[in-house]
Amino acid sequence: MAMMNRSTLLGLILATTIGTTSTRAADQAKPAGALAIGDPFPRLEAEFLTGRKAVLPDAAAGKSALVMMGFTYDSRFAVEKWAEYLRPEMEANDKVTFFEVPVIGGMGRMAKWFIDSGMRKGTPKELHENVITVYGGVDRWKKAMGFSKAQEHAAYLALLGPDGRVVWMYRGVFTEEAMTALRAAIAGSAAGDEGR
């Protein structure tokens, strides 16, 4: 996401397309249920803002990775707040990375070029490979991340260990308590990796 300074038109398009269920057969297969700690993260195939193919969890290249998903246009605020706090810490730690993942359904596919272009303009170039825009498969990812209508504008976070398994999950806005729990999970994930 990292979508500051977007045009009003982009906002209108996203407001009407993010979170809309897509029924196209090309959507990725649906998972059996919500993810739990210890589960492998489902394969996610999309594109970075650079246009290069992105595959999670492979893109983490053996690092721990925080995946921050949003399902509505307004969820970008929650994701951006998390990213704002996380970037300095993660940039200083070469064993962990992060990905902001807006999930866009419905008619958003038809506006893909425009949406991606707007995101590229509003995201620092050095972060283009930290943003993965997913078009379609909304139901799949909502189910996997434990989406709740009551928290539709929340950030949905999953910390993956170097092996691609979920080691921590959270949904909601940034809080110091949640950040403390995330730091502990990152430290535990790194310690577990060193023991292998």
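Just so you know, in the range 66-88 the residues that are under 10 Å from the mean Cα position of the chain (by Cα) and outside any helix (DSSP H, G or I) include one that is nearest to residue 185 (Cα to Cα), and it is 66. For the range 118-150, the tally of residues that are in contact with a helix residue (DSSP H, G or I) (Cβ under 9 Å, 6 or more places away or on another chain), part of a helix (DSSP H, G or I) and not aliphatic (A, V, I, L, M) stands at 6. Check whether at least one residue in the range 38-55 is under 26 Å from residue 191 (Cβ atoms), part of a loop (DSSP other than H, G, I, E, B) and at pLDDT below 90, and report yes or no. No.
When you go through (1) at pLDDT below 90; (2) surrounded by fewer than 21 Cβ atoms within 10 Å (Cβ to Cβ); (3) within 20 Å of residue 171 (Cβ to Cβ); (4) not aromatic (Phe, Trp, Tyr) one by one for residue 104, which number turns out not to apply? Result: residue 104 fails condition (2) only. Do the conditions hold for residue 187, that is, is it among the aliphatic types (A, V, I, L, M), surrounded by fewer than 17 Cβ atoms within 10 Å (Cβ to Cβ) and not in a loop (DSSP other than H, G, I, E, B)? Answer is yes for this residue.
The values are calculated or read from the model by the stated rules, or taken from the named source; none is laboratory data. What you are looking at is a predicted structure, and each value in this text was computed from that prediction instead of being measured. Reconstructed Cβ throughout: ideal geometry from the backbone, glycine too, with neighbour counts over all protein chains shown.
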